[in-house]
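A.B. asks: Questions regarding the structure given below will be posed in turn.
The values are calculated or read from the model by the stated rules, or taken from the named source; none is laboratory data. The model shown is predicted, which means the values in this text are computed figures rather than measured ones. Virtual Cβ from ideal backbone geometry, glycine too; neighbours counted across all protein chains shown.
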């Protein structure tokens, strides 16, 4: 059966009412919580760290998907897992020893994902694809929400799916950036398994209904 998972990004949530936002997602058809961690070095923005992650852990009742947009992620993955991360994704571009970092995440009991920036070709994953649980394709340049979707992402989904199949990998494909009601169906049709949606969900007058529509 085809996977159609929606992972609303808490980066777009109302941080003045974070518990309320988390409980809304708990009660919705959302599948995962997507947590974007930025350090102001790997990307030109700073988001949040361990104190906010602790709040998410206390209230979230669903799978927690942590996306580390940081340099030297291997220094921090263990603490994110201790704070409830079920999956930790690290950037190909940020990891000097990618296999080691993926193995570290999995050895601590979490699933491990690898992330590609829009300009990084899929073929760079050839030697890691059999070891990861997820490939996250950035469909905008990481760092800020609300950016325009990069159309070349459809081609990269297809290339990633081919790489997964040819290596007998079980990795899921996740897409993050510019996901909305107009392109969600096309992204699933192209082979994506998980869609991250931030502004589309949290700027909606009816976020729970928007999540339902994204899954159609």
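A.B. asks: Can you confirm whether residue 35 is modelled with pLDDT of 95 or more, part of a loop (DSSP other than H, G, I, E, B) and within 21 Å of residue 138 (Cα to Cα)?
C.D. replies: Spelling it out, it is not the case that residue 35 is modelled with pLDDT of 95 or more, part of a loop (DSSP other than H, G, I, E, B) and within 21 Å of residue 138 (Cα to Cα).
Listed here are the residues, each with its yes/no results for (1) in contact with a strand residue (DSSP E or B) (Cβ under 8 Å, 6 or more places away or on another chain); (2) at pLDDT 95 or above; (3) surrounded by 23 or more Cβ atoms within 10 Å (Cβ to Cβ).
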{"position": "76", "(1), (2), (3)": "yes, yes, no"}
{"position": "90", "(1), (2), (3)": "yes, yes, yes"}
{"position": "106", "(1), (2), (3)": "yes, yes, no"}
{"position": "112", "(1), (2), (3)": "yes, yes, yes"}
{"position": "115", "(1), (2), (3)": "yes, yes, yes"}
{"position": "139", "(1), (2), (3)": "yes, yes, yes"}
{"position": "148", "(1), (2), (3)": "no, no, no"}
{"position": "155", "(1), (2), (3)": "no, yes, no"}
{"position": "164", "(1), (2), (3)": "yes, yes, no"}
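A.B. asks: Filter segment 186-199 for residues that are part of a helix (DSSP H, G or I) and within 16 Å of residue 138 (Cβ to Cβ); which is farthest from the chain's Cα centre (by Cα)?
C.D. replies: Restricting to residues being part of a helix (DSSP H, G or I) and within 16 Å of residue 138 (Cβ to Cβ), the top hit is 190.
A.B. asks: Within segment 10-23, does at least one residue satisfy the condition of being under 21 Å from residue 174 (Cβ atoms), modelled with pLDDT under 95 and part of a loop (DSSP other than H, G, I, E, B)?
C.D. replies: no
A.B. asks: A further question on this structure: Any residue that is free of Cβ contacts under 8 Å to residues at least 40 places away in the same chain, part of a loop (DSSP other than H, G, I, E, B), under 15 Å from the mean Cα position of the chain (by Cα) and over 17 Å from residue 172 (Cα atoms) - is there at least one of those in segment 50-65?
C.D. replies: Yes - at least one qualifying residue is present in segment 50-65.
A.B. asks: Quick check on my filter: what residues within segment 141-182 are assigned to a helix (DSSP H, G or I) and either under 27 Å from residue 39 (Cα atoms) or under 15 Å from the mean Cα position of the chain (by Cα) (or both)? Spell out how you get there, then give the answer.
C.D. replies: Filtering segment 141-182 down to residues assigned to a helix (DSSP H, G or I) leaves 153-166.
Listed by number, the residues that qualify are 153, 156, 157.
Here is a yes/no grid of residues against (1) under 13 Å from the mean Cα position of the chain (by Cα); (2) modelled with pLDDT under 95; (3) under 25 Å from residue 45 (Cβ atoms); (4) surrounded by 14 or more Cβ atoms within 10 Å (Cβ to Cβ):
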| residue | (1), (2), (3), (4) |
| --- | --- |
| 131 | no, no, no, yes |
| 184 | no, no, yes, yes |
| 210 | no, no, yes, yes |
| 216 | no, yes, no, no |
